[in-house]
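Student: The structure's right below; bear with me while I get my questions together.
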Amino acid sequence: MKPLVCLYCEGTDSKIVVVTKENNQIKILRAASVDLVGSAHSPGENETEAVQMISDEAGIQIDAGGGANLSMQGFSTGSLFESLVNAEMRGIKLHQCEFIPVLTEPSIFYQIIPKRVTDSMITTDVIKDTIIQSDRPFDRSNVGLTALSDGNSLASFLAQDVPCFKMINSLARYNGKRVYKLISVKSAELSLAYFVAKKKKFFPDDYSLIVYIGKEYSKLIFLQGRKLKHIGATLDLGTSNLHTYDVYFSKILLEMENGGIPNLDNIVVCGEDDSENLILSFYGTFPEANVSKLDFDNVDVSSLSEDARIKISSFSVPFAAALEFFDELSKETTGINLLPRHIKEDQKVFQFGWHGYLVVPLLFVAAFYFTTNILVKQIEINKLKSEIQFQTELKRQNLSTLMEIDNLTARINNFGQTQAILDSAAKGTGIWNKLLFNLSDFVGKKKTFWVRNIVLPDSAVVTIDGHSLNRKVLTEFASALPTATLQNIIYEAIREQDAFRFTLTLRKEELLKALHE
């Protein structure tokens, strides 16, 4: 589970503990006391020590007289509390923690509820009576109810202006967060009474007194058995302004008379002072009472510094609130939770009024409508894309067909020209055919005569080259061809036989004319 940060706000003294629970073992990760609230004032001796812890980082200069020169480098005087908390909580990721403010007077006040008042009457009669009896405004949205030992109930109310809430919100903004998660608001007196009643094994008829001594204030809480009997008025006495313990005794006797407590069987001392001198003083005034101090065995404090372990009793109240909350989660007890409604609403990611919730169904309908339309349009778009691809391919094929048609058209258009060329090329082919026929016929009849080569140069003369075994045949051949001229006859033996190589020329024009006739 997430770490739990319990902040106990009491005057100018603020106690902070960071607690977690693992394997049914409660562990205190950090415990710190901050003496300065976010106001500009001159700290005392203890506050000077707290300021000194961050003087190097924050730029606070402490003068020799013990006062604080609050010259801030990077933050204002109002952010001194936040700076001190960050210095003490170094290594703790506060945005990942859950917060429980632990309140006392004047942020919280109580009223006795008679037995005849039922839970359903709390929001009517009790609030009306409280308005009459109280001269200060309070939050009507939440009322805590605690059973007393005499059968009556104790109603707990929050004041409308709670500085502790502002301190937590200011700390969140200082660290760059909108808010920190508040999961509960506890009463300091009721949580401490639960802690002591669980820790100590009191008899049912025992009257017990819890004495919590703070730096400026002290608390007197009375139990009968393990139930709350009476909460005494807050005493303006503490370690910073107390010079003798005798003042406590007169206050205790007065509160015993107000609460109808005949005697004291047990006295439990905790807080800033649980020394042996205090315990011995109580023994001297109440010799029949069993006087003891509140211990923290079965709690893992290994993560705390040595100084925090020694002063662990001073963190009794915030630790008691954490213990009560853990027991509520495990269904061991049913405590009170005074978390105001406006804080619950402010912590929501989506903050709706009553009319906002009416709009939520419309948002779902609108989302469904637009989603359906988008899907339909997307299907149409996909179809159009497919059609475009088909038409593009068809266009490509048509272009290819058109190119082939153009080629055929060009060939058709060139047919006439080609025909004319062929006609001109074929002109006179019949005459040449007659020449070759005569030449072939003569060679066929004369077995000793053959033609090796016929040359048709571009000039006007046709040259015929060949051989003959009979010289006379050459004369006959020249006579058989019109316009032929026997150019030369060369003796050339072929395989030991006499042979004559000849060259005969024909003039084209005369030959064509003679053959044509």
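The values are calculated or read from the model by the stated rules, or taken from the named source; none is laboratory data. Predicted model only: the values in this text are computed from it and were never measured. Quick reminder, even Gly has a Cβ in these numbers, built from the backbone with ideal geometry, and neighbours come from all protein chains shown.
Student: Determine which member of the set PHE222, PHE282, PHE202 is part of a strand (DSSP E or B), crowded, with 16+ Cβ neighbours inside 10 Å and not assigned by TED's automatic domain parsing to the domain that holds TYR8.
Tutor: Exactly one of PHE222, PHE282, PHE202 is part of a strand (DSSP E or B), crowded, with 16+ Cβ neighbours inside 10 Å and not assigned by TED's automatic domain parsing to the domain that holds TYR8, namely PHE222.
Student: Sticking with this structure for a sec: Give the number of residues within the stretch 312-341 that are surrounded by 15 or more Cβ atoms within 10 Å (Cβ to Cβ) and of a type in the set (D, E, K, R).
Tutor: So the answer is 3.
Table: residues versus (1) touching a Phe, Trp or Tyr at 6+ places or on another chain (Cβ under 9 Å); (2) small (Gly, Ala, Ser); (3) at pLDDT below 75.
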residue: ILE421; (1), (2), (3): no, no, yes
residue: VAL443; (1), (2), (3): yes, no, no
residue: ILE454; (1), (2), (3): no, no, no
residue: VAL461; (1), (2), (3): no, no, no
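Student: Regarding ASN263, is this residue over 28 Å from PHE99 (Cα atoms) and assigned to a helix (DSSP H, G or I)? Don't jump to the end; show me each part of the working.
Tutor: Numbers: over 28 Å from PHE99 (Cα atoms): yes; assigned to a helix (DSSP H, G or I): no.
Criteria not met by ASN263.
Student: Sticking with this one: If we scan the stretch 316-336, do we find a residue that is among the aromatic types (Phe, Trp, Tyr), outside the structural domain of LEU192 (by TED's automatic domain parsing), at pLDDT 90 or above and in contact with a Phe, Trp or Tyr (Cβ under 8 Å, 6 or more places away or on another chain)? Before the answer, list the steps.
Tutor: Of the residues in the stretch 316-336, the ones among the aromatic types (Phe, Trp, Tyr) are 319, 325-326.
The next check asks that each one be outside the structural domain of LEU192 (by TED's automatic domain parsing); those that pass are 319, 325-326.
Imposing the further condition that a residue be at pLDDT 90 or above reduces the set to 319, 325-326.
Among the residues that remain, those that are also in contact with a Phe, Trp or Tyr (Cβ under 8 Å, 6 or more places away or on another chain) are: 319.
So far as the stretch 316-336 goes, yes, one or more of its residues are among the aromatic types (Phe, Trp, Tyr), outside the structural domain of LEU192 (by TED's automatic domain parsing), at pLDDT 90 or above and in contact with a Phe, Trp or Tyr (Cβ under 8 Å, 6 or more places away or on another chain).
Student: Can you pull out the residues in the stretch 228-256 that are within 51 Å of the chain's Cα centre (by Cα), surrounded by fewer than 17 Cβ atoms within 10 Å (Cβ to Cβ) and charged (D, E, K, R)?
Tutor: Of everything in the stretch 228-256, just one residue is within 51 Å of the chain's Cα centre (by Cα), surrounded by fewer than 17 Cβ atoms within 10 Å (Cβ to Cβ) and charged (D, E, K, R), namely ASP236.
Student: Read through the list (1) under 24 Å from GLU216 (Cβ atoms); (2) not in a loop (DSSP other than H, G, I, E, B), then give the number of the only condition that HIS342 fails.
Tutor: Evaluating HIS342 over (1) under 24 Å from GLU216 (Cβ atoms); (2) not in a loop (DSSP other than H, G, I, E, B) leaves (1) as the failure.
Student: Now for a different question. Being part of a helix (DSSP H, G or I) and among the charged types (D, E, K, R), is that true of even one residue in the stretch 165-172?
Tutor: Of the residues in the stretch 165-172, the ones part of a helix (DSSP H, G or I) are 165-172.
Still in the running and among the charged types (D, E, K, R): 166.
Looking through the stretch 165-172, at least one residue is part of a helix (DSSP H, G or I) and among the charged types (D, E, K, R).
Student: Shifting gears a bit: Only one of these conditions is not met by ILE26: (1) aliphatic (A, V, I, L, M); (2) under 15 Å from LEU80 (Cα atoms); (3) at pLDDT 90 or above. Which number is it?
Tutor: Evaluating ILE26 over (1) aliphatic (A, V, I, L, M); (2) under 15 Å from LEU80 (Cα atoms); (3) at pLDDT 90 or above leaves (2) as the failure.
Student: If you don't mind, another one. If I ask for residues that are more than 18 Å from GLU98 (Cβ to Cβ), under 32 Å from the mean Cα position of the chain (by Cα) and among the small types (Gly, Ala, Ser), which ones from the stretch 171-222 would you list?
Tutor: GLY176, the sole residue that qualifies.
Student: Within the stretch 311-339, how many residues turn out to be under 17 Å from GLY144 (Cβ atoms), among the small types (Gly, Ala, Ser) and not in a loop (DSSP other than H, G, I, E, B)?
Tutor: 2
Student: Let me ask something else. It is to be established whether one or more residues within the stretch 73-81 are among the small types (Gly, Ala, Ser), surrounded by 19 or more Cβ atoms within 10 Å (Cβ to Cβ) and at pLDDT below 80.
Tutor: The answer is no; no qualifying residue exists.
Student: Also, I was wondering about something else. State all residues of the stretch 80-116 that are assigned to a strand (DSSP E or B), closer than 20 Å to ALA147 by Cα and not β-branched (Val, Ile, Thr); if no residue qualifies, say none. I'd like the intermediate steps shown before the answer.
Tutor: Pass one, the stretch 80-116, residues assigned to a strand (DSSP E or B): 98-103, 108-113.
Restricting the remaining residues to those that are closer than 20 Å to ALA147 by Cα gives 102-103, 108-113.
Matches in the stretch 80-116: LEU103, PHE109, TYR110, GLN111.
Student: Kindly indicate which of LEU220, LEU209, LEU254, LEU228 is more than 25 Å from PRO318 (Cβ to Cβ) and at pLDDT 90 or above.
Tutor: Only one candidate qualifies: LEU254.
Student: Something else about it: What's the number of the only condition in (1) aromatic (Phe, Trp, Tyr); (2) assigned by TED's automatic domain parsing to the domain that holds LYS166; (3) over 26 Å from GLN160 (Cα atoms) that PHE368 fails to meet?
Tutor: All conditions pass for PHE368, except number (2).
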